[in-house]
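Asker: Could you have a look at this structure, given as structure tokens, before my questions?
The values are calculated or read from the model by the stated rules, or taken from the named source; none is laboratory data. Every value quoted in this text rests on a predicted model; they were computed, and no experiment measured them. So basically every Cβ, Gly included, is an ideal-geometry build from the backbone, and we count neighbours across all protein chains shown. With ligands, DNA and RNA removed, areas are computed over all heavy atoms of the protein, side chains included. Shrake-Rupley method; radii C 1.70, N 1.55, O 1.52, S 1.80 Å.
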Amino acid sequence: RSSTPSLAHHRAPRASRHVFARSGGRPARRVAMDERAGEVWKNAPGIYEKLEAIAGKPKDAARKELVAFLGIGSAAPAAEGAPGVEDFEYALLAAIMRRLEGEEGQRLAEITNMLDATASVVIELFEQASVPGAPSSETERCKQWWALLVSLSEDVTRLLPVEHLERLVGDLEQSLVLLRAAYLKFAGQRLSEFDTQKDAETKEAEAKAAEEAAAAAAAAKEGEGKEKGKEKEKDAKEPRKSAPPDPKALEQKRTEERKRFIQLLGISPNGPLYLALTSLLKQLSSRLCSTLHAPLRARIVLLLERLLAMDHKAIANNQKLRTQEHIQSDDLDDEAAAAGAFPAAAAAAAAAVVAAAVAAEEAAKEAAAKEAPAK
């Protein structure tokens, strides 16, 4: 993956940090990125300017502009020297750190917009790689962009103020579902191509074995004389050379190769797809207090159940247990309204309580009277 540091330990470049003016001591902003960073990541300054331009725009417009700028998608022309994952990572880091370190609180909401636009880029990459006949290099490219998005999202959940987390959860409820669907579609296409290739190899091996067996049988029939008989005996002693391969061994070998390929794609129950989503949402849930943010935590649990494989539902159940004991006042019925809605039941219940109290008091008096003479 990229060699750039994570956001949690990242120091923003000179161009994205505060530059204090001597006149008033107020922070001024530079729009351009650090020149040294631009020399290492050639396309990072252009991406940074585009992120700054789309940060305040509506979601749909920001997504379309960013996808078109990066040249991703079937409609976009493929250009040489297109921006890579490292260029985009550094530019996005600089744009996020500029807002986290700034004093303008309203601009913090733009961080979620940029993350949502990045998720759209990753979805578009998976869709592009899901086309039949796509090169195998697209697999590694998609995994790099996936890791970039998850890593930055986890860092943002740790650093973003709590009042902005509800908007982030709302964006994740849509983007993560689409990301998972695109990832599984891409993986399904790759598995289908793998099975087709293995079927062709199996048929070819069976045909070759059949040809060798037919040739050996024909040679055995045509063999005459002593030398032919010796060759025939030699062939009889070494039947494995022309014998067809064992179907069970071939099937076992294919199963093992398929398991390794599934692990390479990252869609196994313990693969990057599900574990990354679990880590991200648990990190987000740990920022929220059970008492004050119970509705938001419940939305995260429901999102976990929707995204995770069946083997990982225990994680969602564990998150549920942390909020079951909390009861809000909105969940309770008003006493006056409850009494008015069920007058007979309320009266009967009150009478039963009073009768029980009177009986308990009389029993206590009788017990005290019996114990007094004995003392």
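Asker: How many of the residues in the stretch 161-184 are free of Cβ contacts under 8 Å to residues at least 60 places away in the same chain and more than 14 Å from the chain's Cα centre (by Cα)?
Answerer: Residues that pass the stated criteria total 5.
Asker: Out of the residues in the stretch 159-217 that are under 26 Å from Thr278 (Cβ atoms) and of a type in the set (Val, Ile, Thr), which is least open to solvent (accessible area, probe 1.4 Å)?
Answerer: Among them, the one singled out is Val169.
Asker: Considering every residue within the stretch 339-357, establish whether at least one is open to solvent by 80 Å² or more (accessible area, probe 1.4 Å), at pLDDT below 70 and under 29 Å from Leu159 (Cβ atoms).
Answerer: For the stretch 339-357, residues open to solvent by 80 Å² or more (accessible area, probe 1.4 Å), at pLDDT below 70 and under 29 Å from Leu159 (Cβ atoms): absent.
Asker: While we're here: Could you figure out which of (1) open to solvent by 90 Å² or more (accessible area, probe 1.4 Å); (2) in a helix (DSSP H, G or I); (3) at pLDDT below 85; (4) over 30 Å from His164 (Cβ atoms) isn't true of Glu362?
Answerer: The number of the failed condition is (3).
Asker: Being under 18 Å from Thr157 (Cα atoms) and modelled with pLDDT under 80 is the requirement here; does Gln283 meet it?
Answerer: no
Asker: Follow-up question, since we're still on this one. How many residues are open to solvent by less than 60 Å² (accessible area, probe 1.4 Å) and not in a helix (DSSP H, G or I) when one looks only at the stretch 247-277?
Answerer: Number satisfying all stated conditions: 5.
Asker: So, one more: Need a quick list: helices (runs of 4 or more DSSP H) entirely within the stretch 51-156 having at least 2 residues that are at pLDDT below 85.
Answerer: Answer list for the stretch 51-156: 59-70.
Asker: Going by what's in this entry, would Leu292 be described as part of a helix (DSSP H, G or I), more than 15 Å from Arg180 (Cβ to Cβ), at pLDDT 80 or above and open to solvent by 60 Å² or more (accessible area, probe 1.4 Å)?
Answerer: When the stated conditions are applied, Leu292 does not pass them.
Asker: Among the residues in the stretch 88-105, are any open to solvent by 20 Å² or more (accessible area, probe 1.4 Å), of a type in the set (Phe, Trp, Tyr) and in contact with a helix residue (DSSP H, G or I) (Cβ under 8 Å, 6 or more places away or on another chain)?
Answerer: Within the stretch 88-105, one or more residues are open to solvent by 20 Å² or more (accessible area, probe 1.4 Å), of a type in the set (Phe, Trp, Tyr) and in contact with a helix residue (DSSP H, G or I) (Cβ under 8 Å, 6 or more places away or on another chain).
Asker: State yes or no: is Gly24 open to solvent by 40 Å² or more (accessible area, probe 1.4 Å), over 28 Å from Glu140 (Cβ atoms) and at pLDDT 80 or above?
Answerer: no
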